[in-house]
1. Given the rule -39500 (n - 2.57) for each run of at least 4 DSSP H residues, summed and divided by the residues of the chain, what is its mean residue ellipticity at 222 nm, to the nearest 500 deg cm²/dmol?
2. Calculate, for S18 and Q72, the FRET efficiency according to 1/(1 + (r/R0)^6) with r their C-beta to C-beta distance and R0 25 Å; round to the nearest 0.05.
3. Using amide H atoms built 1.01 Å from N in the peptide plane, name the residues 5+ places from S30, or on other chains, whose amide H lies under 5 Å from its own.
4. Using 7 Å Cα-to-Cβ label points, what is the H59/E191 separation (nm, one decimal)?
5. Can you tell me what share of the DSSP beta bridges in the chain is antiparallel? A percent to the nearest 5 is fine.
6. Assuming R0 = 25 Å, can you tell me the calculated FRET efficiency for the pair R204 and R2, based on Cβ-Cβ distance, to the nearest 0.05?
7. For E121 and T160, calculate 0.36 nm times their separation in residues minus their Cα-Cα distance, and state this gained length in nm to one decimal.
8. Using only Cα atoms, tell me the angle between helix 179-192 and the longest principal axis of the chain; keep it within 0 to 90° and round to the nearest 10.
Amino acid sequence: MRIALAEDEALFRQGLGSLLRASGHDIVVSAVDADELLAQVPAARPDLVITDIRMPPTHTSEGLAAAIRIRQLMPDVAVVLLSHHVDAQGTVELLTAGRRRIGYLLKQRVLDFEMFNGVLERVQAGESVIDPEVVSDALAARRERRAVDSLTPRRLDVLTLMAQGYSNARIARELVVTEAAVARNIALIFETLDLPQDPDIHRRVLAVIEYLNR
């Protein structure tokens, strides 16, 4: 399998690369950050991309953003995300970019390399494999946020239009209100759904998912 590997921790990147080569894989990209990954992947044409979610410069979601961009440019490339911590939002955003050939594992799973290598092969073959701990946290968060039904009719109208992909300006035109009023309602929707500001969370996406799953 031709693999592109992106990881800013040198020892982890080198160690994982060695294990992958020993298992017969070809490392066609070994990148230290998301920019390098994005620059090299188009020419390297890997079968699968392995990337850490959090990489320089901000160590928030650069790897996730790169994975989403790669799937947009190369829909058939398999992607496996790695993270030190559970980041259920990462799963949500990547799934919106394509529901097949996606893996999401905590880095500790690499310690069982036979299992990890099996996941790579399954994802490359067409499956999606999400770490059980990530799934558990995502379901727990969903159970805790069943607040959509408590939204006022106006805020539910706003959320309904958000779910259709409308911008704030379009929502304002549809409801014949100001954009400022739409922004206030969206802020209150986030508050009701307990979606605080967080650089790792796309609140608009999560709010729409809560609406669709209500």
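1. On the way: 10 runs with 114 residues, N = 214.
That comes out to -16500 deg cm²/dmol.
2. About 0.20, to the nearest 0.05.
3. Excluding prolines and chain starts, which carry no amide H, the hits are L5.
4. 3.3
5. 0
6. So, using R0 = 25 Å, E works out to roughly 0.10.
7. So the extension gain works out to 10.1 nm.
8. That works out to roughly 70 degrees.
The values are calculated or read from the model by the stated rules, or taken from the named source; none is laboratory data. Quantities reported herein were computed from a predicted structural model and do not represent experimental measurements. Virtual Cβ from ideal backbone geometry, glycine too; neighbours counted across all protein chains shown. Only protein heavy atoms, including side chains, enter the accessible area calculation; ligands, DNA and RNA are left aside. Shrake-Rupley method; radii C 1.70, N 1.55, O 1.52, S 1.80 Å.
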